[in-house]
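**Q** After the structure tokens below, expect a handful of questions from me.
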Amino acid sequence: MNEKHEQYGTKVFYSPIEAAVRWSSLLEQETDILSVTSLTAPTTAQALPFWPLLGLNIERLYDAMRNSELAFGKAGITSNDPALLDAPQLTIRHVDLKRWMAKTYPDQKPGFLFDEMERQLHSAIDLDSVQELLLQIKTLKAQLSARAQPQQPKSAESKAQLHTRAETTYLNIIGGLLTLLLGQSPSGVRYSSFNTLESVISALIAYHNGRPGITERTLSAKFAEAKRQLSGDS
């Protein structure tokens with residue numbers, strides 16, 4: 001986390017110009033920009049003729065605050081007091097800024113707000129959606145396993161059929177999820193930023209390392225089996 005603080009300038013709260021600087025990937029020029037805007041509040045695009053993108057983003061932030069779409073306050077304390085919109089003490093909390101940007105500009109995920117995993121995911125497939133899919137897979141697997149438990153004496157053949165059916169369902173779900181993560185819409189828009197199976201595996205290991213089955217070898221084998229199952233090759 002400390003590396004992220006230094007690299008992207010992540011803070012608990014920001015002044016509007018600080019937020020716009022980071023949004024515009026101009027952190028290295030922040031000192032120069034702040035020297036130009038220190039005497040003006042609120043900062044407008046007209047005050048930033050040398051940084052047109054920065055001017056656009058600062059206008060976007062003020063527009064969102066004026067229209068009650070983005071929470072704001074003073075010294076990191078949210079109040080939404082309209083009088084603060086013209087005050088130099090105006091601040092925006094990190095969590096509020098991230099929530100607003102994810103909703104309003106889902107295609108823009110600057111590093112000071114979003115971690116690497118979040119930036120890889122397409123706006124239509126956020127981390128919560130992936131976690132929900134994984135939870136559904138886990139729940140379904142548990143249900144199928146429970147059904148496979150013998151309530152009455154069953155033949156070995158019957159037990160094997162139940163186990164095979166459960167495994168097939170499990171692999172079909174995994175294969176479908178991989179198709180979604182690595183595929184694209186009929187118009188050619190990718191569903192996510194994962195370009196290869198290796199990138200999916202790396203992300204899973206990064207977030208769930210140490211859990212049973214979350215190893216490169218196991219994931220590669222299971223994903224390959226799931227793709228074969230879904231394509232009807234097995």
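The values are calculated or read from the model by the stated rules, or taken from the named source; none is laboratory data. The structure displayed is predicted, hence computed values, not measured ones. When we count neighbours, we look across all protein chains shown, and the Cβ atoms used for this are built from the backbone with ideal geometry, even at glycine.
**Q** Please tell me if ALA166 is modelled with pLDDT of 75 or more and farther than 24 Å from GLN108 by Cβ.
**A** On the way: modelled with pLDDT of 75 or more: no; farther than 24 Å from GLN108 by Cβ: yes.
Judged against the criteria, ALA166 is not a match.
**Q** Further, regarding this structure: Failed condition for GLN143, given (1) assigned to a helix (DSSP H, G or I); (2) modelled with pLDDT under 70, with all others met?
**A** For GLN143, the exception is condition (2).
**Q** Turning to a different aspect of this structure: Evaluate segment 25-33: report whether one residue or more is within 24 Å of the chain's Cα centre (by Cα) and part of a helix (DSSP H, G or I). Before the answer, list the steps.
**A** To start, the set of residues in segment 25-33 that are within 24 Å of the chain's Cα centre (by Cα) comprises 25-27.
If we keep only those that are part of a helix (DSSP H, G or I) as well, we get 27.
There is at least one residue in segment 25-33 that is within 24 Å of the chain's Cα centre (by Cα) and part of a helix (DSSP H, G or I).
**Q** Let me ask something additional. Name the pairs whose Cβ atoms lie under 8 Å apart, with the first residue in segment 203-220 and without any contact (Cβ under 8 Å) to a residue 40 or more places away in the chain, the second outside any helix (DSSP H, G or I) and loosely packed, with under 12 Cβ neighbours inside 10 Å, and 6 or more positions between them or separate chains?
**A** Note: pairs meeting the criteria are LEU219/GLY213.
**Q** Would you mind stating whether ALA19 is on the phi < 0 side of the Ramachandran plot and crowded, with 18+ Cβ neighbours inside 10 Å?
**A** Spelling it out, ALA19 is indeed on the phi < 0 side of the Ramachandran plot and crowded, with 18+ Cβ neighbours inside 10 Å.
**Q** Within segment 74-121, how many residues turn out to be in contact with a helix residue (DSSP H, G or I) (Cβ under 7 Å, 6 or more places away or on another chain), of a type outside the set (Phe, Trp, Tyr) and either in a loop (DSSP other than H, G, I, E, B) or on the phi > 0 side of the Ramachandran plot (or both)?
**A** The qualifying residues number 6.
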